[in-house]
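What follows is a single structure, written as structure tokens, with notes after it.
The values are calculated or read from the model by the stated rules, or taken from the named source; none is laboratory data. Predicted, not measured: the structure shown is a model, and the values here were computed from it. So basically every Cβ, Gly included, is an ideal-geometry build from the backbone, and we count neighbours across all protein chains shown. The accessibility values were calculated without ligands, DNA or RNA, using every heavy atom of the protein model including side chains. Shrake-Rupley method; radii C 1.70, N 1.55, O 1.52, S 1.80 Å.
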There are 2 protein chains.
Amino acid sequence: MDGKIVNLKTKLEIYKAMTDGANFADCPVRDVIHGINGKWSPLLVMALAEKPYRFGELRRLVPDISQRMLTQTLHELQRDGYVHREVFPTKPPSVEYSLTDLGRSMFVPLYQLVQWAELNHEAVREARASFDARI
Amino acid sequence: MDGKIVNLKTKLEIYKAMTDGANFADCPVRDVIHGINGKWSPLLVMALAEKPYRFGELRRLVPDISQRMLTQTLHELQRDGYVHREVFPTKPPSVEYSLTDLGRSMFVPLYQLVQWAELNHEAVREARASFDARI
DNA sequence: AGTGCTGGTCTCTTTTCGAGACCACCAACA
DNA sequence: TGTTGGTGGTCTCGAAAAGAGACCAGCACT
């Protein structure tokens, strides 16, 4: 545990050292986290970790994402190297999205976080309820 | 690995089953992830995992956050039960923020993800560069 | 000809974010 | 007795991002 805290101080300095560079992208950790961090990115990575999906399948799998955000999020995930996009020359051309090796590697810690969320959502919900009740 | 995928399918159904409820907050996993997922939340949790900080200290530690977003993010983290806010009756009243047990528990998987980001930011940067070059 | 499926793009509105001014309180200083 | 500085915020306003939904070309089937 102590070792983690020492390492953390290093990370804090990474965070901090880059902030006076005035450019958000100058801090690699924040930059990468930001790419994973989007509203829909974790959900899509979770889906694609199961198996490759086509565009329309993803749209049906996640009905409350707008087509615009689906396109955009997949594009960002592809740009960051997490997702591979392949077009098949079928009669209506179909497009398949799948995780790359990098994406599968990133999925491991992401999955830990999602697992934590599933195990602890009750506690979070209670915390929110009692916080809101105090007001 | 196979076990993970089976569990994942369960999670996908959690994601999916709640979407036709039309309410974003109906899916507990997405709801919790959304709370962790903010632009500044991971950074502040990382900072507070090291040691408690006062408001002004955090502001100086993270110079490129606006005071408004610092207030707001800390408030959300407090509401979700990750952060404890304590006011000390000094002459100018000082406010200290610290992680709760829930926050420290959440920090564990979050730290894994940040660690991954630090180890792989080079790969992500290269992926971006080659993607942008292809256009 | 009309309908439907493919994977998108474009536009418009609403929500969120960021920068910075402002505020009350008190302490030390001149 | 102003005056400055530090405390932890709030308020307002313009910019950026997200969401809803119309639209599109291309082809197959009927």
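Table for the structure above
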read-out: Checklist (1) more than 26 Å from B:His34 (Cβ to Cβ); (2) open to solvent by less than 80 Å² (accessible area, probe 1.4 Å) applied to B:Pro93, failing item; value: (2)
read-out: Boolean, A:Leu110 is surrounded by 13 or more Cβ atoms within 10 Å (Cβ to Cβ), aliphatic (A, V, I, L, M) and free of Cβ contacts under 8 Å to residues at least 40 places away in the same chain; value: no
read-out: Test: residue in segment A:122-133 that is open to solvent by less than 60 Å² (accessible area, probe 1.4 Å) and polar (S, T, N, Q); value: no
read-out: Of residues in segment B:51-75 being open to solvent by 20 Å² or more (accessible area, probe 1.4 Å) and of a type in the set (A, V, I, L, M, F, W, C), the one nearest to the chain's Cα centre (by Cα); value: B:Met69
read-out: Filter result (within 14 Å of DNA strand D (Cβ to nearest atom) and within 13 Å of chain A (Cβ to nearest Cβ)) within segment B:74-118; value: B:Leu74, B:His75, B:Glu76, B:Leu77, B:Gln78, B:Arg79, B:Val83, B:His84, B:Arg85
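To keep it simple, each residue is scored yes or no on (1) surrounded by 13 or more Cβ atoms within 10 Å (Cβ to Cβ); (2) closer than 14 Å to A:Leu48 by Cα.
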| site | (1), (2) |
| --- | --- |
| A:Leu77 | yes, yes |
| A:Val87 | no, no |
| A:Ser98 | yes, yes |
| A:Asp101 | no, yes |
| A:Val114 | yes, no |
